[in-house]
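Have a look at the structure below, then the notes.
The values are calculated or read from the model by the stated rules, or taken from the named source; none is laboratory data. All values reported here derive from a predicted model rather than from experimental measurement. For neighbour counting, all protein chains shown are included, and Cβ atoms are generated from backbone atoms with ideal geometry for every residue, glycine included. Calculation scope for accessible area: heavy atoms of the full protein, side chains included, ligands and nucleic acids excluded. Shrake-Rupley method; radii C 1.70, N 1.55, O 1.52, S 1.80 Å.
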Amino acid sequence: MPEPLTLTHPRESFAFEQAEGPDQAFASAYQKNRLHHAWLLCGPQGLGKASFAFRCARFLMGHDRDPRFGTLGMSPDDADVRLITAGSHPDLLVLEREMGESKLKKNISVDAVREIGEFFSKAPSRSAYRVCIIDSVDDLNINSANALLKILEEPPHKGILFLISHSPGRLLPTIRSRCRRLTFIPWTDQAVEAFLRKRADIDEEAIGRLVRLAHGAPGRALSLMEEGALEMDAFAGKLLEKPMPPRAELMQAAAMFKSSSAKNDGARKFATFMMCLTDRLHERALSTETPQKGQNYSQLWSRLNQAVGEVEGVNLDRGDYFWSVYNELATLS
């Protein structure tokens, strides 16, 4: 029987599956004394890029190797490794978006990036290297990106940066050109399915839906499960059936999407719902019995595929937008 689902923070993740390529590339550079000062870790979200960054940090900063965990494996009992796992190692700096009053800020600030320069201006206090992880570099605005570029232009002595990017094409070309790039490849559906079976006690249908929604990213599958994606997916499926859910259920959903508080992140739930709905629309477009129905589903899928970005970009009311989606679904024949 699989154990109950527990999500592991990347700094606590020692087992690393299906990443022999990045492991070997980093180990080879280290062994040849050609360790680049900045590594750009690219690939869709949920492939373990952050786990790999912490894995490399442990390898560079710790002392006790442990081959049970692969080429870059380190012993969890190593003193420096334990400090990294606890988030208290003085030679490790991790930059992420900070929490605002009720939700995460949209960007990593320029002041936060400037801390990197101060961090690297000091020699390592107890390890061979000082390491900075930015998760993710996609969250930089133009000012913080330019501040990072200045740091990349003057490589720190005994300092290594790991820049995590889910969309490297959006980064400044000058940032990309100053990094060594490691690309993480999506897993096969079979591998994601096996990954889920080891970690989640859910039925076959739920596993199948998560595998489809994950698009080859096992971490994404677990995150979606934790965020209630299966419930949102079931609701999206009901909207495509006749009769549709009762109005009371629809009103409850609209209120949930509209809300934004510490207890209810309406924006995230709306994004999850729209992802599930567009995936089901895509399925319908490919499997309907007549070309006209397929075209109707395809056109709606095309319009809704960019909905989340449009809604958040111009601050539209998510509840009102849900009702407009409902009306469009009701007209589908």
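Counting alpha carbon pairs within less than 8 Å and at least 6 residues apart, what relative contact order, in whole percent, applies to the chain?
Averaging sequence separation for qualifying contacts and normalising by length gives 18 percent for the chain.
Taking a ≥ b ≥ c as the square roots of the eigenvalues of the Cα gyration tensor of segment 118-169, is the shape rounded (a/c under 1.5), prolate (a/b larger than b/c) or oblate?
It comes out prolate by the Cα gyration axes.
If the reach is capped at under 20 angstrom between alpha carbons, list the aspartates and glutamates near K105, excluding any in the same chain fewer than eight residues apart.
Candidates past the 8-residue exclusion: E96, E115, D135, D138, D139, E227, D265, E310, E312, D317.
How high is the relative contact order of segment 120-270? Use alpha-carbon pairs under 8 Å, at least six apart in sequence, and give a whole percent.
Reported as a whole number, the value is 15 percent.
For the chain, what is the mean residue ellipticity at 222 nm derived from helices alone (per DSSP H run of n ≥ 4: -39500 (n - 2.57); sum divided by total residues; nearest 500 deg cm²/dmol)?
-16000 deg cm²/dmol
From the protein chains alone at 1.4 Å, what is the descending order of accessible area for R197, R82, R318, largest first? Before the final figure, lay out each step's value.
Values: R197 90, R82 150, R318 30 Å².
Heavy-atom accessible area, descending, gives R82, R197, R318.
Quick check: net charge around A123, other residues with Cβ under 9 Å of its Cβ, Lys/Arg +1 and Asp/Glu -1? Walk me through the intermediate numbers first.
Details: positive: K122, R130, K158; negative: none.
That works out to +3.
Tilt of helix 291-304 relative to the longest C-alpha principal axis of the chain, in degrees (0 to 90, nearest 10)?
Once rounded, the angle reads 50 degrees.
Give me the distance between the Cα centres of segment 238-293 and segment 104-152, rounded to whole Å.
Their Cα centres are 39 Å away from one another.
What share of the DSSP beta bridges in the chain is antiparallel, in percent to the nearest 5?
Of all bridge pairs located within the chain, approximately 15 percent are antiparallel.
Helix 229-239: angle to the longest alpha-carbon principal axis of the chain, degrees 0 to 90, nearest 10?
20 degrees
Could you check the simple spin-label distance between D201 and I142, using points 7 Å along Cα→Cβ, in nm with one decimal?
Result for the modelled spin labels: 5.3 nm.
Excluding A79 itself, what net charge comes from residues whose Cβ is under 13 Å from its Cβ, given Lys and Arg +1 and Asp and Glu -1?
-2
Assuming a viscosity of 1.002 mPa s and a temperature of 20 °C, what translational diffusion coefficient in µm² per second does Stokes-Einstein assign to segment 283-332, Rh being the Kirkwood radius over Cα pairs?
The Stokes-Einstein estimate is 181 µm²/s.
Greater than 23 Å separation of Cα atoms is the criterion. Which listed pairs, K49/K122; K106/K269; K106/K238, meet it?
On the way: K49/K122 27 Å; K106/K269 17 Å; K106/K238 33 Å.
With Cα atoms farther than 23 Å apart: K49/K122; K106/K238.
Just to confirm the number: angle between the C-alpha axis of helix 142-153 and the first principal axis of the chain, 0 to 90 degrees, nearest 10?
30 degrees
Which one is right for this structure if volume of the Cα convex hull per residue in Å³ is calculated from it: (1) 195; (2) 160; (3) 205?
Computed from these coordinates, volume of the Cα convex hull per residue in Å³ corresponds to label (2).
How large a share of the accessible area of segment 249-297, in percent, is made up of carbon and sulfur atoms when the probe is 1.4 Å and the other protein chains stay in place?
It is 53 percent, rounded to a whole number.
Taking H as built 1.01 Å from N, whose amide H comes closer than 5 Å to the amide H of L95, not counting residues under 5 places away?
Correct list: I133, I134, D135.
Not counting the cut sites, what is the longest span of the chain without GluC sites (Glu not before Pro) that DSSP labels loop and that have at most 11 other Cβ atoms within 10 Å?
Excluding the exposed sites themselves, the longest stretch runs over 102-240.
Could you compute the net charge surrounding N143? Neighbours are other residues with a C-beta less than 11 Å from the C-beta of N143; K and R count +1, D and E count -1.
So the surrounding residues net to 0.
Under a 10 Å cutoff between Cα atoms, tell me which one of D77, D189, D91 has the largest fluctuation in the Gaussian network model of the chain.
D77
Using DSSP, restrict attention to beta bridges with both residues in segment 93-176 and report what percent are antiparallel, rounded to the nearest 5.
Percent antiparallel among DSSP bridges in segment 93-176 is about 10.
Top to bottom by accessible area (1.4 Å), largest first, where do K106, K32, K293, K238 land?
K106, K32, K238, K293
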